[in-house]
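> Take a look at this one; I'll ask things after.
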Amino acid sequence: MTHALKTTLEMFDKISNNTKNFELRKMDRPFKNGDKLLLQEWDGEQYTGRELSLDITDVFAGEAAEKYGLRKGFGIISFCEERNTPTQAEWKYVPPEFVFENGQPPITIPPPNF
């Protein structure tokens, strides 16, 4: 599920610069791990046209959050840049001679089992 949210100029910049990776907000939607966030920059009067697509990595809410002092109905949503994780059909086998780690000799990676 994708959740489109308004985001202020200041917060949008912090998120787009990777200096902020969470949002404290009212849990007015069924946010879940694995959902997407579409953050739309809002200048207080209109949308600016800038958007960010993010993956929700954790939702801290409910009774567990209230035990740590969050008001009832509020939660913390953690997120990261959208990961374009390939499906198994999109995986490609990379022969060991092309895989290097820190300039060391190739490491062996077995082909995936489909």
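> Filter segment 25-58 down to residues that are among the polar types (S, T, N, Q) and outside any strand (DSSP E or B) and give me whichever is nearest to THR8 (Cα to Cα).
The residue in question is GLN46.
> Also, I was wondering about something else. Quick one: would you say THR19 is polar (S, T, N, Q) and outside any loop (DSSP other than H, G, I, E, B)? Talk me through it step by step, then tell me what you get.
Numbers: polar (S, T, N, Q): yes; outside any loop (DSSP other than H, G, I, E, B): no.
So THR19 fails the test.
> Of all residues in segment 1-47, count the ones that are more than 23 Å from ALA61 (Cβ to Cβ), of a type in the set (Gly, Ala, Ser) and loosely packed, with under 12 Cβ neighbours inside 10 Å.
Residues meeting the conditions: 1.
> Output the number of the condition that PHE79 fails; it satisfies all remaining conditions of (1) assigned to a loop (DSSP other than H, G, I, E, B); (2) surrounded by 15 or more Cβ atoms within 10 Å (Cβ to Cβ); (3) under 10 Å from the mean Cα position of the chain (by Cα).
Looking at each condition in turn, PHE79 falls short on (1).
Computed from the coordinates by the stated procedures, all read-outs in this text should not be read as laboratory data. Source: prediction; values computed, not measured. We place every Cβ from the backbone using ideal geometry, glycine too, and count neighbours over all the protein chains shown.
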